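Below is one structure, written out as structure tokens; comments come after it.
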């Protein structure tokens with residue numbers, strides 16, 4: 001194992017050398033799993049293989065090989081809740097980038113500018129705090145940029161340095177601007193698609209006309225494109241379908257061929273070399289027409305949600321898609337077939353982790369909100385590379401992972417417990433017969449401590465925002481001996497010898513059959529559990545407001561009095577010395593007398609604790625916090641000395657792999673410690 005750990009550190013150090021120009025201050029290095037939500041694509045106008053990618057978590061990525069591989073540049077606003085849907089690369093200076101961003105569910109966002117190819121960013125003061133939903137540059141005058149926000153249409157005539165509102169201030173009509181297009185021959189002709197029909201100005205915003213003839217009333221206009229050779233030809237996509245005008249928007253006609261279920265066409269894109277070819281990226285796959293909209297064919301599966309389309313101007317066979325969950329997809333046959341192109345791009349939301357007890361470099365992580373693209377990912381080298389291992393999970397979110405004494409990996413999902421049998425997951429208890437008369441136990445809904453991002457609409461703008469995990473609402477059948485087809489949500493899994501415990505929305509379950517059959521724990525009444533932790537004969541289970549403890553291996557249980565100043569539980573752990581630890585907004589609390597008294601560590605200053613993990617091998621409690629903290633702490637027992645690492649990332653949890661650490665970020669996948677000494681010791685040298 002030590003040899004494996006050393007090879008991991010060497011590989012990470014090599015990655016550090018290769019990534020020394022990463023545009024943010026990090027000391028731990030990102031390693032996937034690849035994929036996630038990709039929102040926008042843009043190319044260097046002088047080099048079609050030099051691409052930029054905007055993500056739903058505020059990151060800008062760069063590719064120098066046409067999208068085969070990506071590297072992180074910077075988080076443009078130093079926050080992880082801004083969706084980057086629009087990127088403009090200056091045709092006069094490719095190092096000058098302008099990016100628009102917005103925040104799901106809030107009238108927030110901004111416009112951000114980089115002058116060094118995306119390594120560093122500044123916020124434009126005039127559009128600060130505005131949701132920038134649309135942004136484009138004029139083909140005839142690259143100094144002219146036009147942006148669409150919740151307040152209206154803005155125009156810049158100096159490459160984005162200064163902006164002026166060109167739609168009527170306070171307009172009850174031209175606001176919530178979702179899409180923008182500029183006539184390729186006249187920068188004063190601007191089309192604006194709002195959440196309620198399209199508009200047009202021919203004089204730079206002095207006058208506006210509602211160009212709604214032929215468009216179904218109150219249609220949200222997601223995308224507008226103007227034919228570069230025939231600017232009177234205009235395409236628009238709306239919630240009611242795709243429309244085409246041949247007289248500059250004076251009249252539209254609805255194009256047939258796109259299924260009504262896929263009518264939310266987020267993006268339209270013409271092939272620059274074959275203008276009769278138009279791609280329509282929808283919420284149910286990619287469609288293509290080769291006859292200017294007369295007929296359409298879907299070229300991907302309906303599960304693909306397309307946010308942006310890039311057609312290589314130097315090679316029309318090369319097409320890229322920015323998608324939800326699947327990241328970047330690449331085609332070499334004009335969009336007829338696609339493969340993943342996510343090397344170096346990771347925007348995964350990891351909630352759980354387990355390392356193989358016999359082979360600690362073999363690790364598994366659970367992912368939420370990625371459906372068929374997510375589930376569980378596995379690594380054989382301590383987190384440096386990953387493969388998806390989700391067959392049988394059916395796109396379910398994975399909230400917890402564990403391992404049984406015989407080595408079986410378990411996954412707790414929003415709908416039951418699954419066992420990894422070879423390369424396939426099977427649900428525990430599906431074949432179990434109920435052996436006693438059933439008693440209906442009503443399901444209770446509880447908010448979850450794990451922060452999860454799920455699709456949220458700002459009209460049809462879809463991205464990620466915190467939301468509680470799914471909690472199963474159907475009643476669950478309680479039986480004396482075993483539970484058949486348990487369908488509740490499982491938020492925590494812990495092992496004590498041959499016994500597995502599961503903290504679920506319906507209470508505490510236990511298994512002595514390697515997770516195949518599960519029973520309700522006798523004399524345990526609490527439901528809505530989110531956490532469970534075990535060390536020796538001590539078992540602790542908790543929800544948000546209560547903790548139940550057993551000191552005799554689950555035979556008897558008692559409620560634990562919580563610290564007076566703790567408002568809500570966010571993490572629990574049991575150490576190997578009889579101590580119980582609780583984390584929350586107010587910090588870390590520990591007790592050695594079952595909650596009779598609690599203490600805080602005088603040399604541990606931390607708030608918003610989101611994870612506690614007892615590392616039995618090193619006899620230390622590993623702690624991470626949410627908010628803006630980038631510090632991971634280790635409290636060594638029993639003397640309770642504190643060490644720390646400044647990881648450079650906002651972490652969800654940290655775990656040991658051999659003699660170094662790996663951690664899960666909030667929304668950026670796994671990061672790996674590149675050295676075996678912690679930053680506290682480095683600071684002394």
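The values are calculated or read from the model by the stated rules, or taken from the named source; none is laboratory data. Being a predicted model, the structure only gives us computed values, none of them experimental. Positions of Cβ are backbone-derived with ideal geometry, glycine not excepted, and every protein chain shown enters the neighbour counts.
Things worth noting here:
- Pick from the range 128-137, criterion part of a loop (DSSP other than H, G, I, E, B) and closer than 21 Å to residue 173 by Cβ, ranking: nearest to the chain's Cα centre (by Cα): 131
- The listed residue being under 21 Å from the mean Cα position of the chain (by Cα) and touching a residue at least 40 places away in the same chain (Cβ under 8 Å), out of 626, 578, 595, 583: 626
- Selected residue (criterion: nearest to the chain's Cα centre (by Cα)) from residues of the range 290-303 that are modelled with pLDDT under 95 and crowded, with 20+ Cβ neighbours inside 10 Å: 296
- Verdict on residue 622 being at pLDDT 95 or above, buried (at least 16 other Cβ atoms within 10 Å of the Cβ) and not in a loop (DSSP other than H, G, I, E, B): yes
- Looking across the range 379-397 at every residue that is in a loop (DSSP other than H, G, I, E, B) and in contact (Cβ under 8 Å) with a residue 60 or more places away in the chain, the one that is farthest from residue 663 (Cα to Cα) is identified as 397.
- Filtering the range 95-112 to residues that are modelled with pLDDT of 95 or more and outside any strand (DSSP E or B) leaves 95, 96.
- Qualifying residue in the range 371-378 (condition: in a loop (DSSP other than H, G, I, E, B) and more than 23 Å from residue 330 (Cβ to Cβ)): no
- Looking across the range 284-293, just one residue is more than 18 Å from residue 229 (Cβ to Cβ) and without any contact (Cβ under 8 Å) to a residue 24 or more places away in the chain, and that is 285.
- Residues of the range 68-89 that turn out to be closer than 20 Å to residue 651 by Cβ and not in a strand (DSSP E or B), as a count: 6
Okay, residues lined up against (1) more than 19 Å from residue 300 (Cα to Cα); (2) in contact with a helix residue (DSSP H, G or I) (Cβ under 9 Å, 6 or more places away or on another chain):
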{"site": "197", "(1), (2)": "yes, no"}
{"site": "203", "(1), (2)": "yes, no"}
{"site": "210", "(1), (2)": "yes, no"}
{"site": "223", "(1), (2)": "yes, no"}
{"site": "241", "(1), (2)": "no, yes"}
{"site": "255", "(1), (2)": "yes, no"}
{"site": "264", "(1), (2)": "no, no"}
{"site": "273", "(1), (2)": "yes, no"}
{"site": "282", "(1), (2)": "no, yes"}
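- Verdict on residue 64 being surrounded by fewer than 23 Cβ atoms within 10 Å (Cβ to Cβ) and more than 22 Å from residue 319 (Cβ to Cβ): no
Residues checked against (1) at pLDDT 90 or above; (2) surrounded by 19 or more Cβ atoms within 10 Å (Cβ to Cβ):
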| residue | (1), (2) |
| --- | --- |
| 471 | no, yes |
| 477 | no, no |
| 480 | no, no |
| 483 | no, yes |
| 489 | yes, yes |
| 493 | yes, yes |
| 501 | yes, yes |
| 505 | yes, yes |
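- Those residues of the range 528-552 which are surrounded by fewer than 19 Cβ atoms within 10 Å (Cβ to Cβ) and under 17 Å from residue 507 (Cα atoms), in sequence order: 544, 545, 546
- Only one of the listed residues (411, 361) is in a loop (DSSP other than H, G, I, E, B) and farther than 30 Å from residue 265 by Cα. That residue is 361.
- The set of residues from the range 554-577 being in contact with a strand residue (DSSP E or B) (Cβ under 7 Å, 6 or more places away or on another chain) and surrounded by fewer than 17 Cβ atoms within 10 Å (Cβ to Cβ) comprises 556, 558, 559, 567, 568, 576.
- Selection of the range 113-127 for residues being assigned to a strand (DSSP E or B) and within 19 Å of residue 164 (Cβ to Cβ) yields 113, 123.
- Here residue 645 does not fit the description of being at pLDDT 90 or above, assigned to a loop (DSSP other than H, G, I, E, B), crowded, with 21+ Cβ neighbours inside 10 Å and outside the structural domain of residue 355 (by TED's automatic domain parsing).
- Every residue from the range 319-343 that is in a loop (DSSP other than H, G, I, E, B) and either crowded, with 20+ Cβ neighbours inside 10 Å or in contact with a helix residue (DSSP H, G or I) (Cβ under 9 Å, 6 or more places away or on another chain) (or both): 324, 325, 335, 338, 341, 342
- Residue satisfying all of: in the range 382-407; in contact with a helix residue (DSSP H, G or I) (Cβ under 6 Å, 6 or more places away or on another chain) and surrounded by fewer than 23 Cβ atoms within 10 Å (Cβ to Cβ); nearest to residue 509 (Cα to Cα) among these: 395
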